[in-house]
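Asks: Quick one: the structure is below, and I'll ask about it shortly.
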Amino acid sequence: MACATASCGLRLPVDATPATQTPVSLRAELPADAPPREPDVHVWLTADRYHTCIVIPYDWLLESGFTPPENFGMPRFVVMSWGNNDAYSIEGFDHPWKVFRVLFTPTRSVMELIPVNWNVPEVLPDHRIWQARVPRERGPSLAAFLNDCAATDGYGRPVVVRESSWGNGVQIESRHSYFIPRVCNVWTAQALEATGGEYRPWFAISANGLIRQAENPRNGFEKIWPGGGAPQRRQGASAGSAARMDSE
C-alpha cells in the first residue's frame, strides 16, 4: 500500500536539522534599526471547532533561516496553517470525487502563510487563542520544519499556488501529502514540536486533542482569548493576560 511508506506516515518526513544553510540570496534582510532580541518569543495557537493555526513573529522566522516567498513583505507576524489543496481553494469540494479522494487517498496539500500587523486577538477574533513563550534558540528548528514542508522552484523559493483564503497572504505548495489521519492539526502539532514542545500526533487529530496537549504545563500554552467575536478585554481577566493582549 502507498501509505506504508515513510512519506505517508502520520508524522511528516521532514528534516529537523536547524535551518542554518539558507543561501544568502534567499534570505530576507531584517531592518537595520530592529530592536535587540529577547531570549524568548511569543507563539500563539488559534482554533475554531475543527481547525488550528499558529501565529509566529516573522522577524524571528527570518533570523532563524526561514526562506520566504518572493516579495512577501515584512509583517509583524504570520498566521500559518496546513490542509488539503481543494479545501483551501476557491472552488472547495465542488465535486463528490474530491470528497472521496480526501477521505480515502493521499492528496495534494498547501501551507498557508498570511501576514498580519495587528494585535493577535484582532486577527482571528472568532477563534480561541492560546499563547506561550518559547526559547528564541528553537527558531532554526521551526524554520527547518517550515522550509522542508514547502515545494521549491528552481531558485530555491517556495512555490506559490494562489492567494490565501483570507488576508493578503499566499498558499504554498507542500511537498507532502494530506490524508486522514495526517490532517491539519497533526501538522500544527509537529510545528509546535519544532519549538520545543512535546506532542503525540495520534492525540492531535482533533483541534481539542491538540489544545489539551498544548495546555499541558510542559508545553506552556495559556488561553488568552475565548473566541466568539470582536476582541475586548474580558471581565475578570487577569491583569497579565489583558496586558499581553494589548501589547502583543
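FYI, it's all coordinate maths here, none of it is from the lab. These numbers were taken from a predicted model, which means no experiment stands behind them. Ideal geometry is used to build each Cβ from the backbone, glycine not excepted, and the neighbour counts take in all protein chains shown.
Asks: Name the residues whose placed amide hydrogens come within less than 5 Å of the amide hydrogen of VAL161, ignoring near sequence neighbours (fewer than 5 apart) on the same chain.
Replies: So VAL161 has HN proximity to GLN171, ILE172, GLU173.
Asks: Now for a separate question. Give the calculated FRET efficiency between LYS223 and TRP118 to the nearest 0.05, with a Förster radius of 25 Å applied to their Cβ-Cβ distance.
Replies: E between LYS223 and TRP118, to the nearest 0.05, is 0.85.
Asks: Once label points are set 7 Å from the Cα along Cα→Cβ at both GLU198 and MET74, what is their separation, rounded to one decimal in nm?
Replies: If labels sit at GLU198 and MET74, their model points lie 4.0 nm apart.
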